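*Asks:* Below are the structure tokens for one structure; questions will follow.
Every number in this text was worked out from the coordinates using simple rules, so none of it is lab data. Not measured: the values here are computed from a predicted model. When we count neighbours, we look across all protein chains shown, and the Cβ atoms used for this are built from the backbone with ideal geometry, even at glycine.
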Amino acid sequence: MAHILRVPVASLRLAARVEAMLRRAGFGRLSGVSSLRERVVRRWLLRHPEIDSPLVEVESEGIRLAVPGPVVRVFLDRPFDPVTVPAFRRALRPGMRVVDVGAHIGFYTLLAAHCVGSGGRVWAIEPAPDNLAVLRANIERSGAAHVSLLPVAAGARPAARELHLASSSDMHSLYPHPLQTTAETVPVEQRPLDALVEGAVDLVKIDVEGAEYEVLDGMRRILAENRRLAILAEWNPLCLRAAGADGAGLPARLAAEGFALEVLDDHSQLQRSLDELLQMARTGALPNSWYCNLMATRDR
């Protein structure tokens, strides 16, 4: 992995902004308008056939990490989390303590480690064996001694669980994913965050494909003891319903804990009204594939 593939973040963002501007101006149906970003992607792929290798090294948003070849396309399909990444950076300062629940292969773990510096602390929680191997390698190669890897699932209480592994490594879940077929299940240990992380916590990121309520249930002490806590949580109504939970209820759950909410919709890259999205979620008007991130803050 000596060769570094630098994902063309600036070009992708520029193409996306131009597309959005032309659509707002009424030119969205003109030939070529909807393919500006795709042209950037195609040119980059032609120059880099090595992404078909099992594992390659990429650099995006200043973060360098090893990535399974098929996952590289996540960084290319659209600018990678163009709304969430800046909000995540803004929420962090040197010396903070961050928990990354559902760390996947470590993008947000390493971004947090960079933002909080060696005086801070980061816990990366990831139960999937395939993700764990890459995550561990990325943490070790980063030299970030202030990052701790916890190979468990976060939940409401200690338990033995079955993790459903999907064909896409970012869709593994404690429940069958509604958009992916389960390839196999593997046993994992579940622990509550309150038992995994001691002391003050400044930010918890939660991306667990439908088990978000359970993670919150397992962090009652953290919620009570850290009044200035921030939570970055994925809100995926379809996955929540597949887990037997209220698909529209996550914002209300966070609000009940005293959090103010900001909608981070990376797909539309537009400011979205939470009330509008709640109404759409309740009536089933949101596309099945829709999800967003919620930045929850209090006393900030």
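*Asks:* What are the ³J(HN,Hα) couplings of the range 150-158, residue after residue, when phi is run through the Karplus curve with 6.51, -1.76, 1.60 and θ = phi - 60°? Round to Hz, x for glycine and proline.
*Replies:* Using θ = phi - 60°, the values come out as 10, x, 9, 9, 8, x, 6, 7, x Hz.
*Asks:* For a quick check: sort Ile125, Ile222 by the number of other beta carbons within 10 angstrom, fewest at the front.
*Replies:* Ile222, Ile125
*Asks:* Based only on other Cβ atoms within 10 Å, what is the fewest-to-most ordering of Leu193, Leu165?
*Replies:* Ranked by crowding around the Cβ, least crowded first: Leu165, Leu193.
*Asks:* How do 195-204, 105-114 rank on mean C-beta neighbours within 10 Å, highest first?
*Replies:* In descending order of packing, they fall as 105-114, 195-204.
*Asks:* Still on this structure, I have one more. At 7 Å along Cα-to-Cβ for each site, give me the label-to-label distance between Arg93 and Glu189 in nm.
*Replies:* Each label point is offset 7 Å from its Cα along the Cβ direction, giving 3.6 nm.
*Asks:* Separation of the range 148-217 and the range 268-300 by C-alpha centroid, Å?
*Replies:* 22
*Asks:* Listing Trp235, Trp290 from the residue with the fewest other Cβ atoms within 10 Å to the one with the most, what is the order?
*Replies:* Trp290, Trp235
*Asks:* Another question, then. R0 = 41 Å: FRET efficiency of Ala224 with Ala25, Cβ-based, nearest 0.05?
*Replies:* 0.25
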